[in-house]
Amino acid sequence: MQLSMLIHLAQADHNISTEEIEIIKKTDQDNGLNSTQIEAVIASPKSVEDLYHLPKEEKLECLIGLIRLMKIDKKIYQNEIDFCERIALKFGYQPKVIMELSAYIYTSESIHTDRSTLEDIVVTYFIDEI
């Protein structure tokens, strides 16, 4: 599921950069996919449907991955922000959560924000009912 979201985000600006492809491949190799499986999903990503009932930890991981990918090429396009905000809504969060989290999430995996800070942020943007 996360792979398809990352691919849709990378395609949002109609130009998948080398950096975006590398972060997509690394993320999914870390999740146990081989290069053939990753290439197949890149060629034909699944649609992103009902995400509301995913565990909150998985939602946060997806948001972190999306924001890292959005920032990786040092250019953030409005259609990338819009895509991330739509995913946030499908998770049950107000779209503003993306900009708030963006201030604390860095493209480098060596720079980490305290996890509890990120969890506190998403909780404040949770929508009780969609």
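All of the numbers you see were taken from the coordinates with simple rules; none came from a lab. None of these values were measured; they are calculated from a predicted model. In this analysis, Cβ positions are derived from the backbone assuming ideal geometry, glycine residues included, and neighbour counts consider all displayed protein chains.
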Where labels lie 7 Å past Cα in the beta-carbon direction, separation of residue 43 and residue 100 in nm: 4.2
Estimated dipole of the chain in Debye, rounded to 20 [Cβ of Lys and Arg +1, of Asp and Glu -1, Cα centre]: 180
Convex hull volume per residue in cubic angstrom - Cα atoms of region 1-50: 70
Extended-chain gain in nm, criterion 0.36 nm per residue less alpha-carbon gap, residue 113 and residue 86: 7.3 nm
Cα convex hull of the chain, projected area averaged across orientations, nm²: 7.6
Gyration tensor (alpha-carbon) shape descriptor, region 37-102, a/c threshold 1.5: oblate
Within region 65-82: backbone nitrogen closer than 11 Å to the residue 30 label point (7 Å, Cα to C-beta): 65-66, 68-69
Positive-end extreme of charge dipole, region 2-124 - chosen from 101, 62, 117 (charges on Cβ): 101
